[in-house]
1. Out of all the residues in the range 242-252, is one or more buried (at least 18 other Cβ atoms within 10 Å of the Cβ), of a type in the set (Val, Ile, Thr) and assigned to a helix (DSSP H, G or I)?
2. Quick check on this structure: which one of Asp551, Asp536, Asp499 is closer than 22 Å to Lys63 by Cβ and free of Cβ contacts under 8 Å to residues at least 40 places away in the same chain?
3. Of the residues that make up the range 492-500, is at least one at pLDDT 85 or above, surrounded by fewer than 16 Cβ atoms within 10 Å (Cβ to Cβ) and of a type in the set (S, T, N, Q)?
4. For the range 388-425, which residues satisfy the criterion of being open to solvent by less than 40 Å² (accessible area, probe 1.4 Å), touching a residue at least 60 places away in the same chain (Cβ under 8 Å) and not in a loop (DSSP other than H, G, I, E, B)?
5. Residues Ser263, Ser233, Ser207: which one is surrounded by 18 or more Cβ atoms within 10 Å (Cβ to Cβ) and modelled with pLDDT under 90?
6. Could you tell me how many of the residues in the range 176-187 are crowded, with 20+ Cβ neighbours inside 10 Å and free of Cβ contacts under 8 Å to residues at least 40 places away in the same chain?
7. So which residues in the range 501-523 are farther than 20 Å from Ser54 by Cβ and surrounded by 15 or more Cβ atoms within 10 Å (Cβ to Cβ), if there are any at all?
8. Can you name the residue in the range 121-166 that is farther than 20 Å from Ala266 by Cβ and of a type in the set (D, E, K, R) and, of all such residues, is least open to solvent (accessible area, probe 1.4 Å)?
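The values are calculated or read from the model by the stated rules, or taken from the named source; none is laboratory data. Since the model is a prediction, treat every value here as computed from it, not as a measurement. Glycine also receives a Cβ, built like all others from the backbone with ideal geometry; neighbour counts cover every protein chain displayed. Side chains included, ligands, DNA and RNA excluded: accessible areas come from the protein's heavy atoms. Shrake-Rupley method; radii C 1.70, N 1.55, O 1.52, S 1.80 Å.
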Amino acid sequence: MPSTNVDQIKERLPIQDVLSGYIKVEKSGINYKARCPFHNEKTASFYVSPQRGSYYCFGCGVKGDIFSFVQAYEGLDFKGALKILADKAGVPLTGFKPENTDEKEKLFAIMEAATKFYEDELSKHPEITKYFHERGLTDETIKSFRLGFAPDGWRTLSTFLSGKKFSEPLLEKAGLIKKTEKGYYDRFRNRAMFPIFDSTGRVIAFSGRTMVTDDATPKYLNSPDTPLFDKSSALYGIDRAKDAIRKRDYAIIVEGQFDLLLSHQAGVVNTVAASGTALSDSVPSGDRGVTNLQMLARFSKNILFGFDGDKAGINATYRGSLLALGLGMDVKVAKLPSGKDPADVIKENKDDWLKVLKGTEPAVSFFAKHIMETNTDPRERIKMIQKLVLPLVAKIPSAITREHFLGIVEKITGTSATALQSDLISFEKENSTARVAEEKPEKVDRKFSLGERLYGIVFWQQESEKPLIDASKLEEKLKIALGPDRALLVRDTALERKDELIFEAEAGFGADKNLESEFDLLARQLQARELKRTLDELSAKIRQAEQEGADVSDLLAQVKETTTILHTLEN
Ligand SMILES: [Zn+2]
């Protein structure tokens, strides 16, 4: 691909404009800064330089340009990011000729051709359109979401696509046909078809609902994982929902295709569906590098589960809540009338759906209440709280928020917060990986710690011919943030890679007029991290002391004191 496309796009799109479509960026001297979307942080250490067209995070070390940003943020490959930015810049992409495209491009072409085929078939089968209407969909929704029909035959799609000169092995790779000894046959037969799109709107998979009414045929059939589709990174509806999720600052997640389609039809366009995909918080294979929930967490930290009110729905909500809380998301649950799914509710009256969305509960209290309502035996209740609610609390990265929710559980259940606290500690002891570290970045270069980076600024100023600020003053601040002993230690390790650190400091702050106040802010962040580390050490000590049956009141007092300082610092 000629680099001219990339250069043209960069010329037309200032980096701060592109990024501000995704995150809140604020002017800071001649640069911009923001809270880093790639790691969990409360204060801004993500710097954007319009001059260099690049960004750099002092918290986790991510850096790059508009292309790498869109790629990482939306979980796309380079071409996906290129497509988004070219559209934005109004630059027509050149250099895409069918004969020299790579395999992925061919697979995208196949999925597009298959989508058109299924759409055409739908127009030939009015009974399927009638079925969609009966489920509450309008013609506009059917058209906009490109719903279709896979006819009842073994080779209808494969014959059609082979006629378009797509090879059978490639169609198999796209997940559309399957191979037997006797040859290939269509995977989707006699099914209403729902294309699943990536965040740029390209079809990457299908979900098909059977039109057969027997018990032997699975109701829904989904594409297998392919080079275009990974269950754990795709989300149905994300292409239509992402802008609204950013604007409204929360995402609604529902279970089924019809739930999603009807929610969008009702104007609630910040809805996505888990159907055909698998909610996940661990990094998937391949070059995607981001899971569906991580992607959602970047668009907004607030998520609302609107799953079915039956047992399976509650269980799925619970699993999803555990994952989302672990990503530092604020998780709420909508209570649906039992036996109904969102599609049923919306079909009856769309205003009822809006009411359901208003009557939500934080996940922790939702499940605490659910347990109290569905169990009458007090011992059973406590057992269930320990088994189900404490793991949710344990997933919450912030110590202060954990406290807050333990208080709420105390109110709902009448169990004392101290007892809950000690149960929580023993739960964490048995599940040492219960919680991800608060500031742990997902998949980034952790070459330097924040402390080392700040020493980089000190070294840079020391060696600069025209220093912007007094380096010794900065060093004093680091001693306060880290404590004198740790400060010496961090300084020593930083000295080992002095040149690299100076280079990074200059790249990040070279043209920053507010260097000192930026430094202060980052130093406060560093101090907060140190305090959190101290808290971790203290809880390890408490665990050990408890095992040995020793008195922990001193340690608990220290926890309280440290938490107070941390709280003051964070506000
Ligand atoms: Zn970061």
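1. Yes: the range 242-252 contains one or more residues that are buried (at least 18 other Cβ atoms within 10 Å of the Cβ), of a type in the set (Val, Ile, Thr) and assigned to a helix (DSSP H, G or I).
2. On the way: Asp551 fails: closer than 22 Å to Lys63 by Cβ; Asp536 fails: closer than 22 Å to Lys63 by Cβ.
The conditions single out Asp499.
3. Yes, the conditions are met somewhere in the range 492-500.
4. Pro391, Leu392, Ala399, Ile425
5. After applying the criteria, what remains is Ser233.
6. First, pick out the residues of the range 176-187 that are crowded, with 20+ Cβ neighbours inside 10 Å: 176-177, 186-187.
The next check asks that each one be free of Cβ contacts under 8 Å to residues at least 40 places away in the same chain; those that pass are 177, 186-187.
Residues in the range 176-187 being crowded, with 20+ Cβ neighbours inside 10 Å and free of Cβ contacts under 8 Å to residues at least 40 places away in the same chain: 3 in total.
7. Matches in the range 501-523: Glu516, Phe519, Leu521, Ala523.
8. Only one residue tops the list, namely Glu121.
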